[in-house]
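What follows is a short report on a single structure.
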Amino acid sequence: MKRATKAALLSGLIFPGIGHMILKRYLRGSFLVLAGLIATYIVVADVLRRAQIIVDQINSGDIPVDSGALTAMVSNSTDEAHSLAVTVSLTVLFVCWLIGIIDSYRIGIAQEK
């Protein structure tokens, strides 16, 4: 398999920036990995925070253990500030992934020539 294809697949299927590491572009790869990790952390932390709030309400008896009530609670558990942070983080993660795929493929092609 060509290095360009391998690097693009690693960046696309594993995590953004991994393809750059294979191509020995450590600074670019580190930036993409770091940005991707920070964005992923923000999203996961928000999901865990929302889940903990719902679990606490179930334990206190405020919400019955009913699939309809739980579905309503999950869909209504958004607040503006955290929603914006998660939206921005998901956008950053998507952009990092796209840049990782395209740039690692482009660098791989240039290295093969």
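The values are calculated or read from the model by the stated rules, or taken from the named source; none is laboratory data. Keep in mind that what you see is a predicted model, and the values were worked out from it rather than measured. Backbone-built Cβ (ideal geometry, glycine too); neighbour counts: all protein chains shown.
Scanning the stretch 65-76 for residues that are in contact with a helix residue (DSSP H, G or I) (Cβ under 8 Å, 6 or more places away or on another chain) and at pLDDT 75 or above turns up just one, V65.
If you go through the stretch 23-50, how many residues are within 19 Å of S89 (Cβ to Cβ) and either among the charged types (D, E, K, R) or more than 18 Å from the chain's Cα centre (by Cα) (or both)? Matching residues across the stretch 23-50 total 3. Can you tell me which residues in the stretch 14-44 are surrounded by fewer than 17 Cβ atoms within 10 Å (Cβ to Cβ) and assigned to a loop (DSSP other than H, G, I, E, B)? Of everything in the stretch 14-44, those that are surrounded by fewer than 17 Cβ atoms within 10 Å (Cβ to Cβ) and assigned to a loop (DSSP other than H, G, I, E, B) turn out to be I14, K24. A residue that is aliphatic (A, V, I, L, M), touching an Asp or Glu at 6+ places or on another chain (Cβ under 8 Å) and within 22 Å of V33 (Cβ to Cβ) occurs somewhere in the stretch 76-85.
Here I53 fulfils each of the conditions (1) within 15 Å of the chain's Cα centre (by Cα); (2) aliphatic (A, V, I, L, M); (3) more than 26 Å from W97 (Cα to Cα) apart from (1). Among residues of the stretch 53-66 that are part of a loop (DSSP other than H, G, I, E, B), those with a beta-carbon under 9 Å from a residue that is at pLDDT 75 or above and acidic (D, E) at least six positions away or on a different chain give the pairs D62/D56. Can you name the residue in the stretch 77-100 that is of a type outside the set (D, E) and more than 22 Å from F31 (Cβ to Cβ) and, of all such residues, is modelled with the highest pLDDT? The residue in question is L84.
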